[in-house]
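The values are calculated or read from the model by the stated rules, or taken from the named source; none is laboratory data. Predicted, not measured: the structure shown is a model, and the values here were computed from it. Backbone-built Cβ (ideal geometry, glycine too); neighbour counts: all protein chains shown.
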Amino acid sequence: MGFTILAEVARNADADVLVAQNVAFGIIAAIMIFSAIRVVTTSNVVHAAAFLVMVLAGAAAQFILLGAEFVAVTQVMVYIGAIVVLFLFGIMLTRAPMQGTEKFTRDNWKVGALTSVVMLAVLVFTLVDGFGEDKLPADLMPTDTRVLSDAIFSTYLVPFEVISVLLLSALIGAIVIARKD
């Protein structure tokens with residue numbers, strides 16, 4: 001079904017879409033959906049973290065398709081490079097069991113499925129209602145990373161420094177709390 005739609009779009013000479021970009025989006029989105037489902041359905045926490053890496057890498061790939069290389073690199077460095085590694089260290093250092101000690105029950109799967117469908121409907125309604133018929137301007141160009149860095153380190157220098165001091169104090173506080181006397 002999906003391939004016939006893509007073939008029809010490719011044959012349509014008036015369609016001003018980039019077919020390769022649409023195919024790449026579909027493939028990456030399918031991998032992300034599969035990985036996201038595996039994150040919540042696997043019983044091994046290390047495997048769940050690995051599938052989370054795949055979801056976050058897919059998000060970075062989607063940012064690259066949008067022409068936002070800086071956001072993609074930030075996604076990889078912050079989320080994959082820091083957060084997931086933090087999860088894995090937490091799992092390994094606390095010696096959490098790799099497999100569930102007891103079998104999970106699926107007694108409330110109907111409530112969970114209904115909640116998921118309702119949340120999906122709310123999300124779709126919000127997106128359709130929020131954007132409607134609005135289209136992006138055709139002359140929209142990707143943001144240059146140099147312009148972004150100039151804005152961060154000139155216009156927004158003080159908030160940037162405040163955030164860095166706040167993060168440093170949080171790191172020092174975490175070390176003090178975690179340290180054994």
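For the range 134-181, the tally of residues that are among the charged types (D, E, K, R) and either surrounded by 10 or more Cβ atoms within 10 Å (Cβ to Cβ) or modelled with pLDDT of 80 or more (or both) stands at 4. Looking across the range 60-71 at every residue that is under 12 Å from the mean Cα position of the chain (by Cα) and at pLDDT 90 or above, the one that is farthest from ASN22 (Cα to Cα) is identified as ALA60.
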